[in-house]
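I have placed the structure first, in the form of structure tokens, so that the comments after it can refer back to it.
The values are calculated or read from the model by the stated rules, or taken from the named source; none is laboratory data. If you're wondering where the values come from, they're calculated on a predicted model, not measured in any experiment. All Cβ positions, even for glycine, are placed from backbone atoms using ideal geometry, and neighbour counts span all protein chains on display. SASA here: full protein model, heavy atoms, side chains in, ligands and nucleic acids out. Shrake-Rupley method; radii C 1.70, N 1.55, O 1.52, S 1.80 Å.
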Amino acid sequence: MQMANVNRLTPYMFLAPAVVILVIALLYPIGYMIYASFLDWNPSQRIGEAEFVGLRNYINLLGDESFRESLSVTLKFAGIVVFLEMLVGVGLALLLDRNIRGMSALRTLFILPMMIAPIVVGLMWRYMYHPTVGIFNRTLKSLGFEPVPWLSDGSWAFTSVIIADVWQWTPFIFILSLAALQSLPQSALEASRIDGATGWQQIWHIKLPLMMPVLIVTCLLRLIDAFKVLEVVLVLTNGGPGLSTEILSLRISRTASEFRELGEAAAMSNYLLIVLLLLTLAMFFYNKVSEMRTARLRAAAEGDD
Amino acid sequence: MDRFIGFGIGNNLWKHAWEGGLPNIRFDKIEKSFGNVRVLPPVDLQLNDGEFTVLVGPSGCGKSTTLRILAGLETLSGGEIYFDEKPISHLEPKERDLAMVFQDYALYPHMNIAKNMSFALRLARVPKSEIDEKVKRVATMLNIDHLLQRKPAELSGGQRQRVAMGRALVRDASTFLFDEPLSNLDAKLRAKMRTELAEMRNTLDKNMVYVTHDQIEAMTLGDRIVVMSEGVIQQQGTPEELFKSPANKFVAGFIGSPTMNFLDGELMTESGQLTVKGDGFSLPLTDEQSTRLASYTDKSVSVGIRPSSFSSDVSQGAPISLRIIVSEYLGAQSVLVTRCGAADVLVEYESSSPVKAGEINEFAIRTDEIMLFDHTSGKRL
């Protein structure tokens, strides 16, 4: 009896350290943030001195032009970069899914940008975008074109930030798509060749549909990440010019440090958290549904013969 | 032209690349290497028009590679394949007018059964009404017409097998390739599908090339069997030819079940008669064998005795005493594992007169049925 109890508790004992760390490092800050979002809190005050204002921060934010602008910049940014990255990443994977000499070296090379720290990526691109000494404008000039205001013009700055992000994160989609491609059932592809499918028809009718589960999860992961992007934009444009590249996480950090509105920053973080939570839930839901589907299919198949 | 009349899919929608019937397929010194590893030394092979040819051999003997080369899934390292007189090795699989059934069925997991079966026709832009009709007919013929809306994952192994077959049949190609199509099924289902395949072979006038490692499948299905080992064609012929006059020890050991027994022996003349002697046996040869083998006197040979060549009636042939090790009861027949000298010998035996393990029993060997093989080369003598 005693022994059985101990046995039953063993798994929880092993889990306990992780739970403790999660509570301290995750639940406590989140709870703190949620509580703070209901306060009118200046950094010079202690949290106990701050005035409780209920949902005022949330309501204020909804009416705040700059917040809405920032949210729309974030949505636009995430949408565009993830779309481009999926397009280029999957395309590259389809191109490089073959055995040619030196392909493994090439693959490693393609993955490199993902391994560089985002801050470094930002600095690197800032030098390349430099109006006079940057490589882009120097090249344009030497070819006889007008230099481009990469970071100093609103719409160009947005494009520049997108280019840098696509450069860094396409490899992520590339390696996941490549892994998906290489685990496709070879015989189905061979069967399609015998059935008369051309290379394009194979991609369209066989490869892409079979890769779809991986692509959907990859896309959601990238979206979640793109909503949280900070470093590259911070280093490249710091949100400028104007509010043209002020993504949400940048706005949050400025609200907290420049405008000294901790409560409002917390509320903003919670809005972002809700968006991310929805995406994550979508991913969970998708996994759950596809799991249930396979289980149902298997059950159906076992009934026969 | 209505070759498919039995199944009513006669209209010649598929423009045959080889007008005027089925092509004769000829392999001319085809070779295949993967890097430095040569899997297929130059192979010559002629597949006759309308024949069911079975390529059989142990795993890694090059039979699947040969089939995949024919399908166009592997490129040749040398040689050429001819359909009638046209070289085809440069053609894409789809231009060779063939259909293939894969070992793991290779169904498209994301398409339902109807879509799986019609994929080739849809790519070829066959009108929809015609596609529906063809799919329906083949599905009815294979008893899978109630499954058309299901996905492959919702089918059992046997049903998937039928769908794979149906996908090939819908194509109405001139040549059908089968790559171990039954090996993923359980024994009972395999026997059933084998019978159905044999039936289909009689109804369809097509070139069929079938790869298997199972000699029973080969014997029951093939018009002609090609036995391969280590990339080399050991022998080809009808099932009967292979069983009755194997060219070498490999073929003799591969064809037939239970497998042939091989004993080491020596040919010598004993009281005026050519006799093969070895550890625990002495078998006088028949006159026909003696005249044929006279030149091998005093040489080592390998004696091949089929388990069916033994008789419990000692007056039926040369006597031999064997110690019973195990008796495997199969019903009317038993297979006895016995020992002759140091070698294990399988004996087919009527179950009605039971024997005990450990006993030494007298048997007779019908000496006209024994085969002798060269000790080193394995060639039939």
(message) Looking only at the stretch A:142-154, count every residue that is under 18 Å from A:V73 (Cβ atoms) and open to solvent by less than 80 Å² (accessible area, probe 1.4 Å) and tell me the total.
(response) 4
(message) Looking only at the stretch B:228-248, count every residue that is open to solvent by less than 30 Å² (accessible area, probe 1.4 Å), assigned to a strand (DSSP E or B) and hydrophobic (A, V, I, L, M, F, W, C) and tell me the total.
(response) 1
(request) Within the stretch B:249-269, track down each residue that is open to solvent by 10 Å² or more (accessible area, probe 1.4 Å) and among the β-branched types (V, I, T). (result) B:T259, B:T269
(message) If a residue must be open to solvent by 20 Å² or more (accessible area, probe 1.4 Å), within 13 Å of another protein chain (Cβ to nearest Cβ) and under 20 Å from the mean Cα position of the chain (by Cα), how many such residues does the stretch A:156-213 contain?
(response) 2
(message) Please determine whether any residue of the stretch B:270-288 is more than 20 Å from B:V345 (Cα to Cα), without any contact (Cβ under 8 Å) to a residue 24 or more places away in the chain, open to solvent by less than 70 Å² (accessible area, probe 1.4 Å) and polar (S, T, N, Q).
(response) no
(request) Scan the stretch B:296-317 and give yes if some residue there is of a type in the set (D, E, K, R) and not in a loop (DSSP other than H, G, I, E, B), otherwise no. (result) no
(request) Considering only the stretch B:75-96, state which residues are in contact (Cβ under 8 Å) with a residue 60 or more places away in the chain and either open to solvent by 10 Å² or more (accessible area, probe 1.4 Å) or more than 14 Å from chain A (Cβ to nearest Cβ) (or both). (result) B:F83, B:D84, B:K86, B:E95
(message) Please verify whether B:S59 is surrounded by fewer than 23 Cβ atoms within 10 Å (Cβ to Cβ), within 27 Å of B:D223 (Cβ to Cβ) and more than 9 Å from chain A (Cβ to nearest Cβ), treating the condition exactly as stated.
(response) yes
(request) May I ask you to list the residues in the stretch B:35-59 that are in contact with a helix residue (DSSP H, G or I) (Cβ under 9 Å, 6 or more places away or on another chain) and hydrophobic (A, V, I, L, M, F, W, C)? (result) B:V39, B:L40, B:V43, B:L45, B:L47, B:F52, B:V54, B:L55, B:V56
(message) Step by step: first the residues of the stretch A:279-304, then only those that are over 14 Å from B:P152 (Cα atoms), open to solvent by 100 Å² or more (accessible area, probe 1.4 Å) and within 14 Å of another protein chain (Cβ to nearest Cβ), then the one that is modelled with the highest pLDDT. Which residue is that?
(response) A:M292
(request) Test B:L169 against the stated conditions and say whether it is part of a helix (DSSP H, G or I), in contact with a strand residue (DSSP E or B) (Cβ under 8 Å, 6 or more places away or on another chain) and more than 10 Å from chain A (Cβ to nearest Cβ). (result) yes
(message) Is it the case, given these coordinates, that B:F119 is within 22 Å of the chain's Cα centre (by Cα) and closer than 30 Å to A:H205 by Cα?
(response) no
(message) Here are the criteria: (1) within 14 Å of chain B (Cβ to nearest Cβ); (2) over 14 Å from the mean Cα position of the chain (by Cα); (3) open to solvent by 50 Å² or more (accessible area, probe 1.4 Å). Tell me which single one A:I216 does not satisfy.
(response) (2)
(message) Quick check on the stretch B:37-55. Is at least one of its residues under 22 Å from B:M219 (Cβ atoms), at pLDDT 90 or above, in a loop (DSSP other than H, G, I, E, B) and more than 14 Å from every other protein chain (Cβ to nearest Cβ)?
(response) no
(message) Tell me whether the stretch B:103-125 contains one or more residues that are at pLDDT below 90 and in contact with a Leu (Cβ under 6 Å, 6 or more places away or on another chain).
(response) no
(request) Evaluate the following for A:V82: is it open to solvent by less than 80 Å² (accessible area, probe 1.4 Å), in a helix (DSSP H, G or I) and in contact with a Cys (Cβ under 7 Å, 6 or more places away or on another chain)? (result) yes
(request) Give the residues of the stretch B:146-166 that are open to solvent by 40 Å² or more (accessible area, probe 1.4 Å) and more than 10 Å from every other protein chain (Cβ to nearest Cβ), sorted by residue number. (result) B:H146, B:Q149
(message) Looking only at the stretch B:104-137, count every residue that is open to solvent by 70 Å² or more (accessible area, probe 1.4 Å), farther than 17 Å from B:L169 by Cβ, within 14 Å of chain A (Cβ to nearest Cβ) and of a type outside the set (D, E) and tell me the total.
(response) 1
